[in-house]
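The values are calculated or read from the model by the stated rules, or taken from the named source; none is laboratory data. It should be emphasised that the depicted structure is a prediction, and the values quoted were computed from it without experimental measurement. Side chains are part of the model used for accessible areas, which takes the heavy atoms of the whole protein and leaves out ligands, DNA and RNA. Shrake-Rupley method; radii C 1.70, N 1.55, O 1.52, S 1.80 Å.
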Amino acid sequence: MFKVVMKYPDGTTEEEDELFETEEEANEFGLTQCSNYSTGAETLHLSNPGDYPAPDDDEDVDYDVVEVTG
């Protein structure tokens, strides 16, 4: 079984609850979460640019796939 651990630009990490049977499925989920993060940041900026700065392309979210044992 595999899990995804999200790594955010501010240095925080978040271990997702979902479990995947294959590493490929976990990678797909991680990529989707990265896309969702970017889309959300852009949407917040467009809805209220005074409160939410434009997303910085240099500060992308990343993820790791880890194997869960036991």
Heavy atoms only, probe 1.4 Å: what % of the accessible area of segment 1-65 goes to carbon and sulfur, would you let me know?
-> 44 percent
Before anything else, pin down the relative contact order of the chain: Cα pairs under 8 Å, at least 6 apart, normalised by residue count, whole percent.
-> 46 percent
Average projected area of the Cα convex hull of the chain, in nm²?
-> 5.1 nm²
What angle do you read, to the nearest 10 degrees and between 0 and 90, between the alpha-carbon axis of helix 23-47 and the longest principal axis of the chain?
-> 10 degrees
